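Undergrad: This is the structure I have questions about; it appears just below.
The values are calculated or read from the model by the stated rules, or taken from the named source; none is laboratory data. Treat the numbers as computed from the prediction; the structure is a model and nothing was measured. Here the Cβ positions follow ideal geometry from the backbone for every residue, glycine too, while neighbour counts run over all protein chains shown.
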């Protein structure tokens, strides 16, 4: 019965995802570099040429937009899909969504591995499957859902018997989570901590050194084969003095965590409650939960230390981790108090009904919106025009430079209209509604495209 409810929840999730995914993509610029790297890995260009182009773009942009290159894990996954379907955004989004759907089934197995009572596994599955932050995110081509999956897969493998094959696979999944996003490195101390406290000292050589050795070998191979590209991001840590305060970021991420659970209280206090319950879970049966404790503390600390404010997608891995720890608290209450199982079950169902209904309404409302901004017919016509041989030559300033480079092959940088005159660019692609921000009145209109205009600097002799 519980398995059937889980399958039904996953099928409902698939239906909701089908309503979320739209043609095209929003204005977010990160997806463009991920796809461009996948395009290169599929054989269209070289990674060194892309790194050189994007390094120039990032170094001459007015503000930090992103790394010179993203870690190659997600582009590697994306490259065969791009090879077969090209820039078909619905296919690329569904590919990412598959990792979320698989994660829900994996989460069910994770809970059942720790708790004999199947109710909490089903409750967790419904909670994750009906989480509107996760569902609405499937309308993006970004690395977060594959990273989410590989984190859960690593936790699941950690719970299986310590056979050599399983330990090798564990090293591979931890490495691949890291290859998708650098912060995945926190999985390494998590699995080491778990093995130290849950296996015999005589087995440490196998349970710790084998996955660690696999990780190191794969890391060395990836460093040899793939260029870096994240160094400009790491340098930002040194500029933390100008970043928001640690307390501000702590509150910010707790508000997002609280928003994911939709409790009938302010999001900050909701997030604080979730974190407090998870902390109690780390204390109960701490040996069994040590990997989750290390992951939660390390991951959250890195988010807080990092100078830039990230979005809700960066806390996605914390949602199942907090749930796993909270379920430990629920299980402890059930074993200590007679009748607690019935009361908690009723409360959980009462909570899930409005939670799921609110998610359904949000998804249906989103399905009627127009999320495609970057690939409208007008923007596609602009990309086509700028990619032709007779298009005006030079460096283009545009609000989404990596997107422009992906779609036109042109070198682009970011700068605001008011600073265009002092920039490295000689061309400016600008929405006509922002023309009033221009400080240089000597610009020449080179081409007009509906709501956009291409301006050129006048040559002064």
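Undergrad: Name the residues in the range 399-420 that are surrounded by fewer than 17 Cβ atoms within 10 Å (Cβ to Cβ) and over 23 Å from residue 373 (Cα atoms), would you?
TA: Across the range 399-420, the qualifying residues are 418, 419.
Undergrad: Would you point out which residue out of 80, 75 is crowded, with 18+ Cβ neighbours inside 10 Å and either at pLDDT 90 or above or in the same structural domain as residue 223 (by TED's automatic domain parsing) (or both)?
TA: Checking each option against the conditions leaves just 75.
Undergrad: Next up: Quickly run through the range 171-188 and pick out the residues that are within 21 Å of the chain's Cα centre (by Cα) and over 19 Å from residue 315 (Cβ atoms).
TA: 172, 173, 174, 175, 176, 179, 188
Undergrad: Only one of these is over 26 Å from residue 99 (Cα atoms), at pLDDT 90 or above and in contact with a strand residue (DSSP E or B) (Cβ under 9 Å, 6 or more places away or on another chain): 413, 350. Name it.
TA: Just a single option satisfies the conditions, and that option is 413.
Undergrad: Quick one: residue 103 ticks every box in (1) in a helix (DSSP H, G or I); (2) at pLDDT 95 or above; (3) surrounded by fewer than 23 Cβ atoms within 10 Å (Cβ to Cβ) except a single one, so which number is it?
TA: (3)
Undergrad: Return only the number of the condition from (1) at pLDDT below 95; (2) surrounded by fewer than 18 Cβ atoms within 10 Å (Cβ to Cβ) that residue 98 does not satisfy.
TA: It fails just one condition, (1).
Undergrad: Checking the conditions here, which among 53, 6 is farther than 19 Å from residue 379 by Cβ, at pLDDT below 90, part of a helix (DSSP H, G or I) and in contact with a helix residue (DSSP H, G or I) (Cβ under 7 Å, 6 or more places away or on another chain)?
TA: 6
Undergrad: Could you name every one of the helices (runs of 4 or more DSSP H) located completely within the range 272-370 that has at least 1 residues being within 19 Å of residue 120 (Cβ to Cβ) and not assigned by TED's automatic domain parsing to the domain that holds residue 253?
TA: Answer list for the range 272-370: none.
Undergrad: Do you know which residues across the range 398-419 are in a helix (DSSP H, G or I) and farther than 14 Å from residue 32 by Cα?
TA: Residues satisfying the conditions are 417, 418, 419.
Undergrad: Separate question: Could you look through the range 371-393, keep only residues that are touching a residue at least 60 places away in the same chain (Cβ under 8 Å) and part of a loop (DSSP other than H, G, I, E, B), and pick out the one that is farthest from residue 263 (Cα to Cα)?
TA: 392
Undergrad: Right, something else. On the given criteria, is residue 87 in a helix (DSSP H, G or I) and either over 17 Å from the mean Cα position of the chain (by Cα) or over 26 Å from residue 228 (Cα atoms) (or both)?
TA: No: the conditions fail for residue 87.
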